[in-house]
Amino acid sequence: MFKNRCLQRTAIAPTLTPMSGFSPRVKAVLGPTNTGKTHLAIERMLGHSSGIIGFPLRLLARENYDRMVARKGLKNVALITGEEKIVPPGAKYFSCTVEAMPLDRRVEFLAVDEIQLCADADRGHIFTDRLLHARGLVETMFLGAETIRRLLKRLIPDAEIETRPRLSELSYAGPAKLSRLPPRSAIVAFSSTEVYAIAEAVRRRRGGCAVVMGRLSPRTRNAQVALYQAKEVDFLVATDAIGMGLNMDVDHVGFAGLSKFDGHRPRLLLAPEVAQIAGRAGRGMRDGTFGVTANCPPLADELVNAVESHAFEPLEQLCWRNSDLDFASTDTLLASLMAPPPVQGLVRGQDATDAMTLATLSMDPDIRRAAQGRIATKMLWDACQIPDFRKLANDWHAKLCARVFTHLRQDKTLPVDWIAGQFEGLDKTEGDIDTLMQRLADVRVWAYITARADWMKDATPWQNRAREIEDKISDTLHEKLMARFVDKRAAHLTRRLEAKETEDLLSVVSARGVVLVEGHEVGHVDGFNFYPDPSTQGQEKKLVLRAARRALAQEMPRRILRAETAEDSAFSITDTQKIMWEGAEIAKLRKGTSILRPAVEILPSEFIDGAARERLRLRIATFMASSVDAKLVALNAVMADPPPPLRGLVHRLGEALGVLPGEAPPQADKAALKSLGIMAGSFAVFMPALLKPHAAAMRALLWALWNGVETPKLPPAGLVSIPGGGNPDFALMMGWLPAGPVMIRLDIAEKLGREWHYLIRKHPVPLPPNLASRLSIKPDALPAVLNVLGLRIIPAATLREGVFGPPAPPMLARRKHQPVKPTAAAPPPPPPEPPPADSPFAALAALKLRAPAPVTAATPHNKRRAS
């Protein structure tokens, strides 16, 4: 730090006389926000033949430049900021930042806005210098807060001071949640992280917001303000940049915090700072309110009273830095910068960036050698005054200033190739919001450099290039801010709903089920349910539901009636056991009282009442019964009127969905069963018609519903065998006979089994060559399959030694019956315990023991007695 260096200090008295040599009228117009001070100054300036007005922010300079151009024309108005210079040859009126005011111009009127910033530790010395030295030939006006009155009167004894009251009242509204803030509110946070978080929350809950931060370019900031002013959004999230004269239609200011980082340390806001920001509410004659929101604690009563009454402690001192600099050498320049204030009430502020950069470069031996003499020292000082918009807290800025100075010292101007390379690297629009804002800061630095006509061979093209790149990045930044923080649809609906205008909302449901409210697509209807747009979340989702219910209140009854009167062809059954109607799932199936009559349950919907739900259930139950009867028509026909002797078997067959394993009806009944389309086979009694694909699919569904499982996937139609595994009971019910490693279709197994058993009815026969292919199995699986069918393969015999001729082929024969192993006789049961002696049954037990054993068989002894 240069202030710790041992340098000679020189006391330099302030110049309190005007630069023109005349005694112009000096007037201070003081008062709180919304007093019309800036409007008065511009009107006074435009009433003179020439004038300069200085603003604390580039944004304000640009905004008022546009207002002055509208009044006086483009050729008569100039804009001068650090990064931007628009100076027509005949310009008479200048809108500037305070630092960029061209004080060497002789103008009739001169004004400085927000003069109380003389007390600012970082920039105050610039405002104090303008207060002490900047004068118009005819009139000078200083605009600011009442807190500077006492010091201003002491430093400028001849100044006229006018106090203006606020045009509207400002009152404290207390704390409020973000979701409860009134429309046309500005929410103030003090870091970009907080701004983003609050803006995201406002988008979710209220539809979106505009974002204003000091790091935005004027073009992006104006686009965001226009978004708010046009009422496309009702909320503004900003940093304290809105506190400096940005006039917008704000009714309420909510503080999301009361502390900020001022560039050196975190600190609490001062009462005048709170008032400056809160004063953005209630412009013109419209009253405004302020309060706290998010996680900000309530304001203290003393602070509230001070803000509402605009009564603050007067400023005790103003920041000052010597402006009469000595350029004899870098050391004398640093010494003159360190000069103490000449009068009471002035103090040295924080070390400014330009002075710290000079102190850093003065320790570089190469820079010191190059900065010899007044011209070189002045050139070094000019390079050190390049603004550090990047604020990266490293030596990047000092190195840039050193390189600029070196080029100027060696070549008198900056190299074109170097400037072109810098702009080439900045001419990009990729990246997120923070990346774009950082890139804008880089562009602002190079815009400042190229705006120095004495540093460039031809400054105009580079100024245009800087403006072009800044506009391009600014437009992209605005689009990204819009995409991230604004949902115009939700914002519009929020405004209408909060204004209780739901009766006037235009809502409709299209033929495709799209729900439109006020022309905005808010979701779609699927069946009897409304699904909001997937992009809507949280509070916004509730909002969309509120907006859509009006349209759905009339649409849903029409849909229910349409479903009740629809043909069966309008409904379908899904693999997930649901009922589809018009492409939407409206009901689900579950186990009923009978396996052939599953129950129907209408899917939940807030738009269906109890009576409508029952009508829909009955309609779909009718469709389901018709579908079962149509797919299982053969079974239904048999069960409708079975022959009396077969009623039991047919009933069991129906409960088994057409395949009844292990049944062996009498031979006399088989003919009757065959006439009914029922086959009594070796493995099951079944109906071949129910093995066809459509019937099989329905049977699989009914089986799954009855057993409370998902519907199993069936094999493709036309197959004869499939790999084994899975549930054997389900497989046999579906008409697949488990046979070792594979399963054979039941009707094919019965057919081939009968055919092959007929071949071997008298004796084994040579093994037919096409058995495996007819079963669609591999040859090595054939023995296991034949074993299930009651057959076996006798291997081919080998010829004994000395025997000639063809060997006996493998033979197909009946399966050998396995002998039943005898089982051990069960032990006799233990004798019963005798009843207790005092039991009434004790006498009966005694009689039973004395009674003779009954004759159970004719024995030789009995036979002799009988003879």
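The values are calculated or read from the model by the stated rules, or taken from the named source; none is laboratory data. What you are looking at is a predicted structure, and each value in this text was computed from that prediction instead of being measured. As a convention, Cβ positions derive from the backbone with ideal geometry for all residues, glycine included, and neighbour counts pool all protein chains shown. When the accessible area is computed, the model is the full protein with side chains, heavy atoms only, and any ligands, DNA or RNA have been set aside. Shrake-Rupley method; radii C 1.70, N 1.55, O 1.52, S 1.80 Å.
So for the stretch 54-68 (the condition being out of contact with any strand residue (DSSP E or B) (no Cβ under 7 Å at 6 or more places or on another chain) and modelled with pLDDT of 95 or more), does at least one residue qualify? No, the stretch 54-68 contains no residue that is out of contact with any strand residue (DSSP E or B) (no Cβ under 7 Å at 6 or more places or on another chain) and modelled with pLDDT of 95 or more. Scan the stretch 792-802 for residues that are β-branched (Val, Ile, Thr) and not in a loop (DSSP other than H, G, I, E, B) and jot them down. Ile793, Ile794, listed by residue number.
Checking each residue in the stretch 160-181 for being out of contact with any helix residue (DSSP H, G or I) (no Cβ under 6 Å at 6 or more places or on another chain) and not in a strand (DSSP E or B) picks out Arg164, Pro165, Arg166, Leu167, Ser168, Glu169, Lys177, Arg180, Leu181.
Out of Lys480, Lys428, Lys472, report the one residue that is open to solvent by 30 Å² or more (accessible area, probe 1.4 Å) and either part of a loop (DSSP other than H, G, I, E, B) or within 25 Å of Ala376 (Cβ to Cβ) (or both). Write out each step before concluding.
Numbers: Lys480 fails: either part of a loop (DSSP other than H, G, I, E, B) or within 25 Å of Ala376 (Cβ to Cβ) (or both); Lys472 fails: either part of a loop (DSSP other than H, G, I, E, B) or within 25 Å of Ala376 (Cβ to Cβ) (or both).
Exactly one of Lys480, Lys428, Lys472 is open to solvent by 30 Å² or more (accessible area, probe 1.4 Å) and either part of a loop (DSSP other than H, G, I, E, B) or within 25 Å of Ala376 (Cβ to Cβ) (or both), namely Lys428.
With respect to Thr360, is the statement that it is under 23 Å from Thr128 (Cβ atoms), open to solvent by 40 Å² or more (accessible area, probe 1.4 Å) and hydroxyl-bearing (Ser, Thr, Tyr) true? Taking the combined requirement at face value, the residue does not satisfy it. Counting only strands (runs of 3 or more DSSP E) that fall entirely inside the stretch 64-150 and contain at least 3 residues that are under 19 Å from Pro218 (Cα atoms) and open to solvent by less than 30 Å² (accessible area, probe 1.4 Å), the qualifying elements are 77-80, 93-97. Within the stretch 335-353, being open to solvent by 40 Å² or more (accessible area, probe 1.4 Å), part of a loop (DSSP other than H, G, I, E, B) and under 30 Å from Leu392 (Cβ atoms) holds for one residue alone: Gln350. The residues of the stretch 214-245 that are within 21 Å of Pro56 (Cβ to Cβ), aliphatic (A, V, I, L, M) and in contact with a strand residue (DSSP E or B) (Cβ under 7 Å, 6 or more places away or on another chain), listed by number, are Val225, Leu236, Ala238, Ala241, Ile242.
Just to verify a result, which residue in the stretch 367-397, among those that are open to solvent by 50 Å² or more (accessible area, probe 1.4 Å) and among the charged types (D, E, K, R), is nearest to Ser323 (Cα to Cα)? Step by step, filter the stretch 367-397, then rank; the result is Lys378. Selection of the stretch 261-281 for residues being open to solvent by 40 Å² or more (accessible area, probe 1.4 Å), assigned to a strand (DSSP E or B) and either in contact (Cβ under 8 Å) with a residue 12 or more places away in the chain or over 17 Å from Val307 (Cβ atoms) (or both) yields Phe261, Pro266, Arg267. Summed over the stretch 743-791, the residues that are over 15 Å from Val720 (Cα atoms), among the charged types (D, E, K, R) and in a helix (DSSP H, G or I) give a count of 3.
Go through the stretch 679-698 and give me each residue that's in contact (Cβ under 8 Å) with a residue 60 or more places away in the chain and farther than 13 Å from Phe730 by Cα.
To start, the set of residues in the stretch 679-698 that are in contact (Cβ under 8 Å) with a residue 60 or more places away in the chain comprises 679, 681-684, 686, 694-695, 697-698.
Across the stretch 679-698, the qualifying residues are Met679, Gly681, Ser682, Phe683, Ala684, Phe686, His694, Ala695, Met698.
Residue by residue through the stretch 340-370, note down the ones that are among the aliphatic types (A, V, I, L, M) and more than 56 Å from the chain's Cα centre (by Cα). Break it down stepwise before answering.
Initially, the stretch 340-370 is screened for residues among the aliphatic types (A, V, I, L, M), giving 343, 346-347, 352, 355-356, 358-359, 361, 363, 367, 370.
Answer for the stretch 340-370, where residues must be among the aliphatic types (A, V, I, L, M) and more than 56 Å from the chain's Cα centre (by Cα): Val343, Ala370.
Within the stretch 513-526, one or more residues are within 30 Å of Leu705 (Cα to Cα) and open to solvent by less than 90 Å² (accessible area, probe 1.4 Å).
Taking the stated definitions as given, is Ala294 in contact (Cβ under 8 Å) with a residue 60 or more places away in the chain, more than 24 Å from Ser168 (Cα to Cα) and among the aliphatic types (A, V, I, L, M)? Yes: the conditions hold for Ala294.
Hey, any hits in the stretch 318-331 for a residue that's without any contact (Cβ under 8 Å) to a residue 60 or more places away in the chain, assigned to a helix (DSSP H, G or I) and more than 53 Å from the chain's Cα centre (by Cα)?
yes
Per the listing Val253, Val202, the residue uniquely part of a helix (DSSP H, G or I), open to solvent by less than 10 Å² (accessible area, probe 1.4 Å) and of a type in the set (Val, Ile, Thr) is Val202.
In the stretch 101-126, the residues that are at negative phi and at pLDDT 95 or above form Cβ pairs under 6 Å with partners that are in a strand (DSSP E or B) and charged (D, E, K, R), at six or more places apart or across chains, as follows: Phe109/Glu139. The number of residues in the stretch 724-733 that are within 48 Å of the chain's Cα centre (by Cα) and either more than 19 Å from Leu657 (Cα to Cα) or open to solvent by 50 Å² or more (accessible area, probe 1.4 Å) (or both) comes to 3.
Summed over the stretch 777-820, the residues that are closer than 18 Å to Leu752 by Cβ and open to solvent by 70 Å² or more (accessible area, probe 1.4 Å) give a count of 7. When Asp641 is tested against (1) over 30 Å from Leu789 (Cα atoms); (2) of a type outside the set (Phe, Trp, Tyr); (3) open to solvent by less than 70 Å² (accessible area, probe 1.4 Å), only condition (3) is not met.
Whether any residue in the stretch 229-243 is assigned to a loop (DSSP other than H, G, I, E, B) and open to solvent by less than 10 Å² (accessible area, probe 1.4 Å) is what I want to check. Outline the logic, then answer.
Filtering the stretch 229-243 down to residues assigned to a loop (DSSP other than H, G, I, E, B) leaves 230-234, 239.
Filter once more, so that each one left must be open to solvent by less than 10 Å² (accessible area, probe 1.4 Å): 233.
Within the stretch 229-243, one or more residues are assigned to a loop (DSSP other than H, G, I, E, B) and open to solvent by less than 10 Å² (accessible area, probe 1.4 Å).
Within the option set Leu701, Leu746, being closer than 23 Å to Arg792 by Cα and either touching a residue at least 60 places away in the same chain (Cβ under 8 Å) or surrounded by 16 or more Cβ atoms within 10 Å (Cβ to Cβ) (or both) holds for one residue only, Leu746. For the stretch 584-606, the set of residues classified as outside any strand (DSSP E or B) and open to solvent by 50 Å² or more (accessible area, probe 1.4 Å) consists of Pro604, Glu606, listed by residue number.
Going residue by residue through the stretch 193-201, is there one that turns out to be acidic (Asp, Glu), within 30 Å of Cys96 (Cα to Cα) and modelled with pLDDT of 90 or more?
In the first step, residues of the stretch 193-201 are kept if they are acidic (Asp, Glu); the result is 194, 200.
Next cut, within 30 Å of Cys96 (Cα to Cα) only: none.
No, the stretch 193-201 contains no residue that is acidic (Asp, Glu), within 30 Å of Cys96 (Cα to Cα) and modelled with pLDDT of 90 or more.
Given the structure, is Arg221 touching a Gly at 6+ places or on another chain (Cβ under 8 Å) and modelled with pLDDT under 90? Quick ask: steps written out before the conclusion?
Numbers: touching a Gly at 6+ places or on another chain (Cβ under 8 Å): no; modelled with pLDDT under 90: yes.
Judged against the criteria, Arg221 is not a match.
Contact map, the stretch 32-55: residues that are in contact (Cβ under 8 Å) with a residue 24 or more places away in the chain and over 23 Å from Ala271 (Cβ atoms) paired with residues that are of a type in the set (S, T, N, Q) and open to solvent by 10 Å² or more (accessible area, probe 1.4 Å), Cβ distance under 8 Å, separation 6+ or inter-chain. Pairs shown: Gly54/Thr97; Phe55/Thr97.
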